[in-house]
Amino acid sequence: MPKKILDKSKKFRAQLVTQMLTLATAGFGLVAALAWNNLIQEFVSTYVKRWLPADGKLISLAIYALIVTALAVIVTYQLSKLKDKIEE
């Protein structure tokens, strides 16, 4: 085979593997996010709702949203720092 065809074949395989890795990572990320979602919901239901009034659904949802947002910010920040450290 000519070198040009081999180079294109290698480049295609590399792009295919990169895309598959990206999709697999996103899929596992979604599964992990859903697991954390369930954990946080259960935590709010078990430990937070007992301190709220009977009609405290809106408050419990706000607490849940704050917890999820805080976790997202912390994890994103830590991963960004790790990425910067690796790139140095």
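Can you find a residue that is open to solvent by less than 90 Å² (accessible area, probe 1.4 Å) and of a type in the set (Asp, Glu) anywhere in segment 35-43? Show your work before the answer.
Of all residues in segment 35-43, those open to solvent by less than 90 Å² (accessible area, probe 1.4 Å) come to 35, 37, 40-41.
Add one more test, that the residue is of a type in the set (Asp, Glu), and what stays is none.
No: zero hits.
For the list (1) out of contact with any helix residue (DSSP H, G or I) (no Cβ under 7 Å at 6 or more places or on another chain); (2) assigned to a helix (DSSP H, G or I), I need the number of the one condition that residue 41 fails.
Condition (1) is where residue 41 drops out.
The values are calculated or read from the model by the stated rules, or taken from the named source; none is laboratory data. If you're wondering where the values come from, they're calculated on a predicted model, not measured in any experiment. Cβ sites come from the backbone with ideal geometry, for glycine too, and all protein chains shown count toward neighbours. Ligands, DNA and RNA are stripped out before the accessible areas are found, and what is left, the full protein with its side chains, is counted by its heavy atoms. Shrake-Rupley method; radii C 1.70, N 1.55, O 1.52, S 1.80 Å.
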